[in-house]
Structures are given as C-alpha cells and as structure tokens.
Amino acid sequence: MHEWALAEAVVSTALEESKKEGLKEITKIKLKIGELQQIDIDTFKFVLNEVIQPQNPMIKKAKIELETERGILKCRVCEHKWAFKEMLKKLDEEESESIHFIPEMSHIYMRCPKCKSPDFEIVQGRGVWIDSIEGEK
Amino acid sequence: MDPRLNIIDKRLENIKRIVAVSGGKGGIGKSSVASILALCLSEKYKVGLLDLDFYGPSSHVILGIPTCNPCLTGRQASGRKDVYPKEEKGILPPEIYPPTSRRAGGIKFMSIIYYAKDNPLAIRGVDISNAIIELLAITRWDKLDFLIIDMPPGIGDATLDIIRFLKRAEFLVIATSSKVVLETVKKTIRMLKETGVSILGVIENMKFKDSLFIKEAINQFDVRLLGEIGFDKNVEDCIGDKEKLLTSRFAQDIKEIILDYF
C-alpha cells in the first residue's frame, strides 16, 4: 500500500508544522491529490481516518479535506498542453503502475501528443501536496 | 508543503551507516565498487543497495538481479517472484541475496529500473529530484548495517539531494590513476568539503602501475586514500555472477579496504 506511506508522510508533516506553530490541536488539513499519482482515495482516506489519526491525539479530530488536482502536462519543445487523463487510457497496467509509484516515469511511457517529445513539464497534478494546516493554539 | 520531505529521516532511522559511492566522472567504476562493496559487506552485515544513477542504472547488471515484475507480466516462475518491490505500508525493497549460513546479512536492492525497465529515461533536474524524493520517502529499508548508494557521475541533482536529505551520508569518492579524472575528483572533494558533509575517503580504482599523484593530490585536501583496486582484466567475465564476483581480485581488494575502514 503506497497510499499508506503517503498518508504517514502527511501526518508526520502536519505534526511537525503544528509544533513549529505552537498548535495544541490540529483541526483541519487541506490536501491536493495530483492525478498522476493515481492515489486510491478510499484507501488513502481509510489509512488517515481509521488507522493513523486515532493514534495521534493532536490530530485525532482533524478534518481532512481532499481535492483532486488535474494532471496537466506541457511540452517544452512545441508548448502543447494536454491532460493526463487523456493519455491514461492508452497506458497498460504496468505503465500506469510505474507512474503511480514514481510520476516522473511518465517521461518514459508518455509523449507529447503533438510532437512526440519526452521533454515535457508536469505543470500540475503530480502528487500529494499539503495546502494548509489549521489548528487551535 | 511537500509531505514526503518529512518522512525521509524516519525511513532511514534504522540504518547504521549510509555510504554514497560518488565521483565526478563516468566510467571510473562507481557502480562496480558500490555493487561489489555491497556484496562483500553482505557476508557479515545487513546491507541495502540503492542505485540512484537514473540515466545509466547498472548495479542490477553487475549483480545479476532480475528486474521483471512477475505480478504484472504473469511470469510466476519460482525464484523470480520476490525480486520485485512489494507494497506494504510503502515499498519493501526485495532481498536479492537473502541471508544464508555463509552470508550473514543479505542485500536489499532498490533501483529506478523496477519502474523504468530497460527504457531510456530522459528527464531534467527537477524531475530527477522529485523521483529521488519519492524513492527515499516510500522505500522501507527497515534495519540495515549499511546502505550503499550508487551515485550518478557529477555533482548535480542527485549529489545535492543526498547532501540535502541524508545528512548522515558518508561520501566514498572513486578515482582512477588518470590526471583527467583527478581534476574532477578534486572538484568533487572541494564541493563536499564546502558543504560540510563527511568524506569517508577515496579509492583509487583500476590501478595498473605504481604512481603517487592521486594520493599526494588528495592529501592536500586532508582526505584519506582508503586503498587501491588493481586493474582486473577478468572482472568483466564475472559480471552478473555473484559467486565469481566474490572471488575476483576486485573483490579481494575491496575486502581489504572493508577490514580497515568499515
């Protein structure tokens, strides 16, 4: 469960930040989940809400808000922009699994649909990102 | 905030020593030293080997590690099933040479090759950093005596990321008896010293005649020459065969260095 490792990383970061900010309790964490990582949202939520949160009093009652961020890629050669979703259906199971673990593998298994270059930028929607952490002092 | 950055220390907390096998130039034997060092250490210790050379990963070739994913390709042949990373609260690197009566430790192996296969990976610096962070954040090494990192040539993204994220890493710099290589080795050592990282020492690889200029040059930086690996014309015939590698002259030279410095 790769989702477990990422959920653990979110909680570890939230606890660290709350210490820096002098929070007594974390009340809300806003997360962006990039499409390229193809996170299983139900598994991710389950690990956060049912397994990790109950073990940490600081974060026990925190509301976790998840927002899926569209995967957008832009070719550095011809500047064409496209959506990850358009290309996902063309990938086989092994290719999409590799991108799930390491989104940079997209440079192997995907090409700019216009000029076929592997030299593109992941503009947004790469992976898990913490947008904000709220709490009570 | 990138949540992955915070978990890296935790993933490495049960590793006693981290050794980054580095060097400015390509073709000086970093991967051979890293792989055979891991192999020799695994006779006594629990060892992890992480190949961070994304453009030219080769540790798996040197050690003869099959890298297919049997779960996805349907190749369920015995002996190949456990050579792919498993998902369990992250990624468990496969133990390629499990401990035996002769081998105390075993080697856990992680490489981009599991995901890139034999495809060329043409990526830029920011993507290299992201892929390194991902590997460091999701790989669960558990308890190790040594994590050996096979670094790419140069002092670019991978080196800067290891300095940034693996504060405990000790750099082992590889040189050869070449004035051309020495120029880059000196730059590598200067950069490592300026950033305050620990330098375990230098190994002079592919030594084929007596000369002191490498030793004298690195002495000026107050860095130790750990030893020499003689030019071994037979080592190519041992590639991919761990038993042959272990009995090579290359491995014997590495074992002497291990006795003195590991």
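Looking across B:Lys207, B:Lys179, one residue alone is open to solvent by 90 Å² or more (accessible area, probe 1.4 Å), modelled with pLDDT under 95 and over 22 Å from B:Ile65 (Cβ atoms). It is B:Lys179. Of the residues contained in the range A:25-48, one or more are found to be surrounded by fewer than 17 Cβ atoms within 10 Å (Cβ to Cβ), of a type outside the set (D, E, K, R), in contact (Cβ under 8 Å) with a residue 24 or more places away in the chain and more than 15 Å from A:Glu8 (Cα to Cα). Within the range A:1-24, the set of residues being without any contact (Cβ under 8 Å) to a residue 60 or more places away in the chain and not in a helix (DSSP H, G or I) comprises A:Met1 only.
In the set (1) in contact with a Gly (Cβ under 7 Å, 6 or more places away or on another chain); (2) within 14 Å of chain A (Cβ to nearest Cβ); (3) open to solvent by less than 20 Å² (accessible area, probe 1.4 Å), the condition left unmet by B:Leu147 is number (2). Candidates A:Ser132, A:Ser117: the one that is surrounded by fewer than 21 Cβ atoms within 10 Å (Cβ to Cβ), out of contact with any Leu (no Cβ under 6 Å at 6 or more places or on another chain), outside the structural domain of A:Glu65 (by TED's automatic domain parsing) and touching a residue at least 40 places away in the same chain (Cβ under 8 Å) is A:Ser117. Of the candidates A:Glu95, A:Glu79, the single residue that is in the same structural domain as A:Asp119 (by TED's automatic domain parsing), surrounded by fewer than 14 Cβ atoms within 10 Å (Cβ to Cβ) and not hydrophobic (A, V, I, L, M, F, W, C) is A:Glu79. Of all positions in the range A:53-60, at least one carries a residue that is open to solvent by less than 40 Å² (accessible area, probe 1.4 Å), at pLDDT 90 or above, touching a helix residue (DSSP H, G or I) at 6+ places or on another chain (Cβ under 6 Å) and more than 20 Å from B:Thr139 (Cα to Cα). Annotation note: of A:Ile29, A:Ile41, the sole residue that is out of contact with any Ser or Thr (no Cβ under 7 Å at 6 or more places or on another chain), farther than 16 Å from B:Ala137 by Cβ, of a type in the set (A, V, I, L, M, F, W, C) and at pLDDT below 95 is A:Ile41. Would you confirm whether or not the range A:2-18 contains a residue that is over 15 Å from A:Ile133 (Cα atoms) and surrounded by fewer than 22 Cβ atoms within 10 Å (Cβ to Cβ)? Yes, the range A:2-18 has at least one match. Looking at the range B:118-132, which of its residues are more than 8 Å from chain A (Cβ to nearest Cβ), within 26 Å of B:Val83 (Cβ to Cβ) and in contact (Cβ under 8 Å) with a residue 24 or more places away in the chain? Listed by number, the list holds a single entry, B:Ile132.
Whenever a residue of the range B:8-20 is more than 11 Å from B:Thr139 (Cα to Cα), its partners that are crowded, with 21+ Cβ neighbours inside 10 Å and among the polar types (S, T, N, Q), lying with C-beta atoms within less than 8 angstrom and at least six residues away or across chains, give the pairs B:Ala20/B:Thr159.
Checking the range A:59-74 against the condition returns no match, with no residue being of a type in the set (A, V, I, L, M, F, W, C), more than 10 Å from chain B (Cβ to nearest Cβ), farther than 25 Å from A:Met87 by Cβ and assigned to a helix (DSSP H, G or I). Within the range B:92-123, the set of residues being surrounded by 15 or more Cβ atoms within 10 Å (Cβ to Cβ), out of contact with any strand residue (DSSP E or B) (no Cβ under 7 Å at 6 or more places or on another chain) and among the hydroxyl-bearing types (Ser, Thr, Tyr) comprises B:Tyr114, B:Tyr115.
Annotation: A:Glu94 fulfils all but one of (1) within 8 Å of another protein chain (Cβ to nearest Cβ); (2) within 19 Å of B:Leu136 (Cα to Cα); the unmet one is (2).
If we scan the range B:33-42, do we find a residue that is open to solvent by less than 10 Å² (accessible area, probe 1.4 Å), modelled with pLDDT under 95 and under 19 Å from B:Ala116 (Cβ atoms)? No, because not a single residue in the range B:33-42 is open to solvent by less than 10 Å² (accessible area, probe 1.4 Å), modelled with pLDDT under 95 and under 19 Å from B:Ala116 (Cβ atoms). For B:Tyr55, the stated conditions hold: it is open to solvent by 30 Å² or more (accessible area, probe 1.4 Å), within 14 Å of another protein chain (Cβ to nearest Cβ), under 29 Å from B:Phe262 (Cβ atoms) and at pLDDT below 95.
The values are calculated or read from the model by the stated rules, or taken from the named source; none is laboratory data. As the structure is a computational prediction, the values presented were derived from the model and not from experiment. Every residue, glycine among them, receives a Cβ derived from its backbone with ideal geometry; neighbour counts consider all protein chains shown. Side chains included, ligands, DNA and RNA excluded: accessible areas come from the protein's heavy atoms. Shrake-Rupley method; radii C 1.70, N 1.55, O 1.52, S 1.80 Å.
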